[in-house]
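Each remark here refers to the structure printed beneath this line.
The values are calculated or read from the model by the stated rules, or taken from the named source; none is laboratory data. Predicted model only: the values in this text are computed from it and were never measured. As a convention, Cβ positions derive from the backbone with ideal geometry for all residues, glycine included, and neighbour counts pool all protein chains shown. Areas reflect the complete protein model, heavy atoms only, side chains present, ligands, DNA and RNA absent. Shrake-Rupley method; radii C 1.70, N 1.55, O 1.52, S 1.80 Å.
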Amino acid sequence: MQTAAPQPARARRGAGPTGRMVTTGHRAALAGMVLSGAVPVIGSASCPVETPLLPPQTILLPGRTTAVGAIDLDGDGHVDLVGAIRSDQMLAIVHGAANGAFTAPLFLAASEWPRAVALADVTGDGRPDIISAAESGGVIAIHANDGNRRYAPPVLLSVAAQPKDVTAADLNGDGRIDLAVVHMDHAGGPVSVLFNVHDGRGAGPQFAAPLTWPVQSGARSIGAADFDGDGHIDLHVTNRDARSLSLLRNDGSGGFVITHRPTGLGTGPRDSVAVDLDGDGLLDLAVADFQSGNLLVLSNLGHQDGAWYGFGAIETIPGCGLGPHGIDAADLTGSGAMDLVMVNVNSNSFCLFENDGRGGFTVCTVSAPGSVADVVVIDVDADGRPDVLTANGTLGMGMSVFLQAGPAPVPCPGDADDSGAVDFVDVLLVLAAWGESLPTSNLSGGSTIGYADLLIVLSNFGTSCGR
């Protein structure tokens, strides 16, 4: 599950990696080797999806990698990868290098059966830390990051049994990143919320004892997003056994009011992502339905007469494989609309759903080197285009990175609203912000918006550029 994006780390470079190293016999000898080009990407020549994904780079790791995360951990400007190797009770960290290359993996001992990963700055030092949910141990483990490729031994936070997923966000508006955890209790697993109480003193994470809210049976994933537009981060939980969605609306102080979407959310919802799919500025919900293989979309109905109307009817979109497990969103095709990637744990593939900008989708199958358990869509090689990172549940196959091919999107000088064209709207944006300093309209880089910015728009009026 994706988390609220923390700020990139700012740290001294040049120090080597340290930490508790873990090996697993002969399998560790292959760890870090990269296989590339062995697997076809787009599964059908007639596939209309325009994203040109290259054959994957697969980073071999011991065991079965069941969750992934990606962020710049060491502040060098390159995206780093973190994989949870549940079967071998370890975390693998692969630091990024130029042009999408990677270093050899660093292994950290994890608590029992790490199931999910979140990356966020919970210590307040500006560096993302590594958070994992230990399914068997009933704990959340936090490895503090010093920014120099060194990670402290884990601080363990006790929570309820069987933590299945964890997300990180500021839930009470105090500027500190809190944690929310969902637990697999077939009778109705709770959500645990751990509020960050770090006072700025000391290097390690500091959290209050967890508070719990009940959800419904078979809870499997949790995410954080402001659905109702009140400025407070809400929580959403998919309940596999109850076939439902639990929405925990934030009251502004970190308390939650729970509503449940009735039974009927597919036949076994697994993971979900909050994303604006129809361009109306409201966060919708896309859900991977494990049992049926379908994508489920719930459109945000927005407000009327001061009341939030929740989500509309469930739209079912056929998938492309067996056992959808993880899902993420990004504008992969450069169209301005958010596309979806849904991975299939029972198929060596993932589904790429191209969004037509009105909430309609075209699906294509992308071949993968193993059973795919988790996905993150992020620009790995800093070329301005999102790439696809997968966790491969097949033994020893580790993580795969699917880079986008082709030229980088062409910027439009004067395109103040980032629409891909310079037009009258851009003129209006500059005039409306005249004399202010707003990044959306400050085209010249000056201290305020003014005549220089207007000249840039006018000189490029009518220009259309690739996205």
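Here are the numbers for this structure:
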{"item": "Computed accessible area, ARG385, all protein chains, 1.4 angstrom probe, square angstrom", "result": "30 Å²"}
{"item": "Residue list for region 202-233, given a label point 7 angstrom along the Cα-to-Cβ vector of THR263 and an amide N cut-off under 17 Å", "result": "215-219"}
{"item": "Sulfur and carbon atoms: percent of accessible area, region 270-343 [1.4 Å]", "result": "50 percent"}
{"item": "Heavy-atom SASA rank of CYS465, CYS351 (probe 1.4 Å, accessible area, largest first)", "result": "CYS465, CYS351"}
{"item": "Net length gained if the chain between SER367 and LEU431 were fully extended (0.36 nm per residue, minus Cα distance)", "result": "18.2 nm"}
{"item": "Per residue accessible area of region 60-190, 1.4 Å probe, in Å²", "result": "27 Å²"}
{"item": "Accessible surface of region 118-262 [probe 1.4 Å, protein heavy atoms]: carbon and sulfur percent", "result": "51 percent"}
{"item": "Accessible area of region 314-420 divided out per residue, in Å², using a probe of 1.4 angstrom", "result": "31 Å²"}
{"item": "Over 19 Å [Cα-Cα, region 100-237], rounded percent", "result": "50 percent"}
{"item": "Net charge contributed by nearby residues that have their C-beta within less than 12 Å of ASP234 (K/R +1, D/E -1)", "result": "-3"}
{"item": "Three-way shape call for region 229-340 based on the alpha-carbon gyration tensor, with the a/c threshold at 1.5", "result": "oblate"}
{"item": "Centroid-to-centroid separation of region 149-166 and region 75-120 [C-alpha atoms, Å]", "result": "15 Å"}
{"item": "Alpha-carbon centroids, region 366-394 and region 277-320: separation in whole Å", "result": "24 Å"}
{"item": "Accessible area in square angstrom per residue, region 200-264, 1.4 angstrom probe", "result": "41 Å²"}
{"item": "Peptides 128-135, 61-68, 249-256 ordered by average Cβ neighbours within 10 Å, highest first", "result": "128-135, 61-68, 249-256"}
